Each structure stands twice: as C-alpha cells, then as structure tokens.
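This report concerns only the one structure given below.
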Amino acid sequence: MFTNKTKSLLLTGIVALAMTSCGDKHNDSGTEFAPNMYHSVGYEPLSQSEGDTNKINPHGMNMRLPVKGTVPRKYYGQEAKNDSIDGDLLQMELTSRNIKSGDMASSEALLTNPYEPTEANLEAGKIQYERFCMHCHGETGKGDGAVAKMYKGVPVYSSDALKNLNDGHIYHTITHGKGRMWAHGSQISSADRWKIVLYVHQLQQ
C-alpha cells in the first residue's frame, strides 16, 4: 500500500514528466524514435547513390527494370505497332480512358474503331453481342430481347434516331452505359467492345 506522501510524489513526478514532454512550439513534433522511419532517403530509381553497395539489382540500380512487354502510357501509335503491339487499339484505349462517363460528345468526336469490318471481326462481334446484348436488344437489334419487356423502351438500332450513331457513341454506351442500360466496361475487353460496335453497325442497316 502506498502512503499518501508516496502517492503525492508519484503524481508530482507524472505531472512533471508530462510537462517536460510538451514543447511550447506548435510545430515541434518532439523527440523522434528511429528518425530514419520519418525521414527516408530519396534515391533515383535507375541509378545508385555514390557509396552505396546494392549488389542485388543489376548495375546497382535502386529498382528493377520493368517487366518485358510493359507499355508506357505515352508509347502508342506507330511506335507501338513496330513493337508488335496493336497500336490503333492501344491509342483508342488510352484516349477513351481520359474521357469521363458523362462526356458522350468527346467519345463521338475522338474515338474511331481500330478494327475493320472483316468477316472474322463481325463474327467475333456477333458472338459477344449474343453474350452480353441480345437479351435486351434482341437477336436483330429490334429491342425485343427476353429482358426488354421488363426494362421497357429498349431502342431499335435501325430506327431513324439510332441508325446513324457513330463508333464513338456506341463504344461509349457499351463502356459506361446509358439510361437504363448498365455499364459493361468491366465485363467486356476493349477489343471485344469494338467488335460489338462493328456488329451493331451491321444491325443498324
């Protein structure tokens, strides 16, 4: 059991300790334990600071080289084609990612289909259409799919309002959705979305 005097001394010591640990400046963070955790040394990623002996990475670099086949965001177009990458598709992909879901006008103006309407591409588009679109839009794009009765107002592709919609409009709609139609960008690859666009154009006619 502590006596009253002992308790008083302990309390005084605790108060004194608390007072000495507090600074009178608002920007004083106090004593730092393991300061290297708060103030890390910055290194250039692909070089080694003089005096350091990093023997793990090649040439003493602070980070490893990117994985083979990695494509920088600015690396597209003709340069990408020369590296066996579908440059047109990549360019459209990068462009579309910078267009917001509510900006249909930009998609209409900037996006064009990187695929030609070949027999193979149209067949691939038809397969994807049957998987993701036909249940609402119908087999021939008449808006008479099995689910259309529940949604009401599914458009007819060959109608005057839709038969002239361009690549960018259709791609944007598939990607982000429109009206009651849900977005399909996370479910269908960009290549398959463009092939669906080809097939929708066919149904528009």
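The values are calculated or read from the model by the stated rules, or taken from the named source; none is laboratory data. Just so it is clear, the model here is predicted, and its values are computed rather than measured. For neighbour counting, all protein chains shown are included, and Cβ atoms are generated from backbone atoms with ideal geometry for every residue, glycine included. Heavy atoms of the whole protein, side chains included, go into the accessibility calculation; ligands, DNA and RNA do not. Shrake-Rupley method; radii C 1.70, N 1.55, O 1.52, S 1.80 Å.
Against the list (1) touching a residue at least 60 places away in the same chain (Cβ under 8 Å); (2) assigned to a loop (DSSP other than H, G, I, E, B); (3) in contact with a Pro (Cβ under 6 Å, 6 or more places away or on another chain), the condition Ala183 fails is (3).
Counting only residues that are part of a helix (DSSP H, G or I) and of a type in the set (Phe, Trp, Tyr), which one in segment 123-158 is least open to solvent (accessible area, probe 1.4 Å)?
Checking each candidate, the answer is Tyr129.
Against the test of being in a helix (DSSP H, G or I) and either open to solvent by 30 Å² or more (accessible area, probe 1.4 Å) or at pLDDT 95 or above (or both), the options Glu116, Glu108 yield a single qualifying residue, Glu108.
The set of residues in segment 48-74 being at pLDDT below 65, polar (S, T, N, Q) and open to solvent by 60 Å² or more (accessible area, probe 1.4 Å) consists of Thr53 alone.
Against the numbered list (1) at pLDDT 95 or above; (2) in contact with a helix residue (DSSP H, G or I) (Cβ under 8 Å, 6 or more places away or on another chain), Gly87 comes up short only at (1). Only residues that are closer than 20 Å to His135 by Cα and open to solvent by 30 Å² or more (accessible area, probe 1.4 Å) were counted across segment 164-175, and they come to 0. Across segment 176-205, the number of residues qualifying as open to solvent by 60 Å² or more (accessible area, probe 1.4 Å) and among the β-branched types (Val, Ile, Thr) comes to 0. Within segment 158-175, the set of residues being at pLDDT 90 or above and not aliphatic (A, V, I, L, M) comprises Asn166, Asp167, Gly168, His169, Tyr171, His172, Thr173, Thr175.
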